[in-house]
Amino acid sequence: MPGINRFKQSAKNKTYGLCAFALQRKLNSNCQMNDFEKYETVVGLEVHAQLLTDTKLFCGDSTRFGAEPNTHISPVTLGYPGTLPVLNKQAVAFAIKMGFACHSEIERHNYFARKNYFYPDLPKGYQITQHTTPICKGGRVKISGPAGEKEIRLNRIHLEEDAGKSIHDLDPEYTCLDFNRAGVPLIEIVTEPCLSSGEEAAAYLTNLRRTLRYLEICDGNMEEGSMRCDANISIRKKGETVLGTKVEVKNLNSIRNVKRAIEYEAGRMMEAIKKGETIEQQTRRFDALKGTTYSMRSKEEANDYRYFPDPDLPPFQVTEAFLQSIKENIPPLPEALIERYTREYHLSAYDAEVITDDRETAAYFELLIRQTNSFKAAANWLLGPVKSWLNENGIAISRFPVSPAVLASLVQLVEDGKINFSIASSRIFPELARGAETDPMQVATRLNLLQTGNEDQIQQWVKQALEKMPEKVVEYKKGKKGLLGLFVGEVKRISGGKADPKLTNQLLIETLEK
């Protein structure tokens, strides 16, 4: 029957560290900065990404998020005697897709193992995962930081099932269990201990999440738990190669909190060493409100999990034909797009990174630049008026009513000098965004906004502008050449933006120099 399962929980004392403010004050008052400059932070990250399959890793139960508790369950999910798991082929394909994107080596011969560490939120009591044969070995993810570009090395990407959800605040005496998430397919992406700061960790997670979304294998919604991060943190003296005792901070649910937890924990360790204390290997949690970590338990070693091959799941082979079919369906990824946009279209690295921040925006830009050769102008429109309009209206670009072809026509009108950018963005663009019209030229004509190159007409506007500011004309003729912009602005105002800017400048200079 659907509903919440409960089991009695014992109260546990949680030992909290100093609050972030108190720790910072203590660091500032009790030690010199050079004490801490002797050390460096070493971080390795483990990211669990839920795969966007319709069904679970080993059965046909739905993976849809947000259902009533314990409605997406079956005898297989509940681990009933006599039930047998069956591997989800799509989950395997998604894991390999991520491996290709991260330049990993794909393992052809695979098997699953049981991790016999007790899981109260998995009805079987154990988790099925991969151990000695991760489906993807090695790999790398490129990041950009203050010190330039850096490649974050991966150790592995492997498949495993997710656990259920324990809920502690619905009943004063019992922990409630929701098994809907139990058995949902995950990939665990494990880095080498090669990150050196919370800032690098944030950059890595940002790029990793963007790749997952481009591949459409995980939505990356950390607030819903579909992407979670554990951080392994240690410190050591600069120049040393041996890793220090590590602490694992579990289940960080936002990129910002990963950064905060790493920075706090590194500071806590340095303070402990300064006091002569020994760093204990342990698992900790992060309190986002206090900005501190607190101890959960001593850290398990790998042999505590007692891995052994799962007897109910036969080994599986990955064929070359299967790999080729996956490789052919991988879209252009952000790293390649950024390189092309900066090299071929001469965009700034910043503009290229913002455009490629999500797949839909990059797809729109790809269609846009097929319609115009004004690549920089197209990027400026996308990151300026279009992005502002989307933000103001709370609409994703997939629902943007102006097609790339129509926006390209508007861009070209400005580039051809038929209207100026200010008029195009403030008068014509809103008309197009309402969806009533699809031809920027027709809108410009109807609203009488087209710029004129009629020299006699512009000369009249120049004359009117100068007659309104005789004292400024005198100042200009005495050497204040910077006033030319003031005159141009006045001509623009009088003409309603219809005066051709180049001809306006030319006629103003000729008139003023007489």
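The values are calculated or read from the model by the stated rules, or taken from the named source; none is laboratory data. All values derive from a computational prediction rather than experimental measurement. Virtual Cβ from ideal backbone geometry, glycine too; neighbours counted across all protein chains shown. The accessibility values were calculated without ligands, DNA or RNA, using every heavy atom of the protein model including side chains. Shrake-Rupley method; radii C 1.70, N 1.55, O 1.52, S 1.80 Å.
Quick notes on this structure:
- Solvent exposure ordering (accessible area, 1.4 Å, most first) of THR361, THR241: THR241, THR361
- Computing FRET efficiency as 1/(1 + (r/R0)^6) for GLN457 and SER403, where r is the C-beta to C-beta distance and R0 is 35 Å, gives about 0.55.
- Overall form of region 158-240: oblate. Here a/c, set by the Cα gyration tensor axes a ≥ b ≥ c, is 1.5 or more, and a/b is not larger than b/c.
- Among the listed pairs LYS463/LYS492; LYS56/LYS259; LYS418/LYS481; LYS250/LYS327; LYS472/LYS492; LYS150/LYS238, those beyond 23 Å (Cα-Cα): LYS56/LYS259; LYS418/LYS481; LYS250/LYS327
- Simple spin-label estimate for LEU512 and GLU320 gives 7.3 nm between the two label positions (7 Å along the Cα-to-Cβ direction from each Cα).
- In the chain, the calculated helix contribution to ellipticity at 222 nm averages -11000 deg cm²/dmol per residue, counting -39,500 (n - 2.57) for every DSSP H run with n ≥ 4.
- Net charge contributed by nearby residues that have their C-beta within less than 13 Å of PHE421 (K/R +1, D/E -1): +2
- Qualifying trypsin sites (Lys or Arg not before Pro) in region 265-336, DSSP loop, other Cβ atoms within 10 Å at most 14: LYS275, ARG306
- Alpha-carbon centroids, region 425-440 and region 375-392: separation in whole Å: 14
- Three-way shape call for region 253-393 based on the alpha-carbon gyration tensor, with the a/c threshold at 1.5: oblate
- For region 235-354, share of DSSP beta bridges that run antiparallel, in % to the nearest 5: 60
- Heavy-atom accessible area order for HIS109, HIS346, HIS158, largest first, 1.4 Å probe: HIS346, HIS109, HIS158
- DSSP-defined beta bridges in the chain - what % are antiparallel, rounded to 5: 90
- Summary value for region 431-514: 35 percent relative contact order, contacts being C-alpha pairs under 8 angstrom separated by 6+ residues.
- Protein heavy-atom surface of the chain, 1.4 angstrom probe: 50% of the accessible area is carbon and sulfur, with nucleic acids and ligands not counted.
- Protein heavy-atom accessible surface, 1.4 Å probe, per residue over the chain: 51 Å².
- The chain, relative contact order in percent, only Cα pairs under 8 angstrom and at least six apart counted: 14
- Placing dummy labels 7 Å off each Cα toward the beta-carbon, the span from GLU224 to ARG140 is 3.4 nm.
- Net charge of the neighbourhood of LYS259, taken over other residues with C-beta under 13 Å away and scored Lys/Arg +1, Asp/Glu -1, is -2.
- Here the label points at LYS477 and SER74, each 7 Å from Cα along the C-beta direction, are separated by 9.1 nm in the simple model.
- Percentage relative contact order, region 133-252, counting C-alpha pairs under 8 Å, at least six apart: 18
- Overall form of the chain per C-alpha gyration tensor (a/c, 1.5; a/b vs b/c): prolate
- Trypsin sites (Lys or Arg not before Pro) within region 175-253, DSSP loop, no more than 14 other Cβ atoms inside 10 Å: LYS238
- For region 75-103 versus region 230-289, the gap between their alpha-carbon centres in whole angstrom: 33
- Accessible surface of PHE421 - all protein chains present, 1.4 Å probe, nearest 10 Å²: 100
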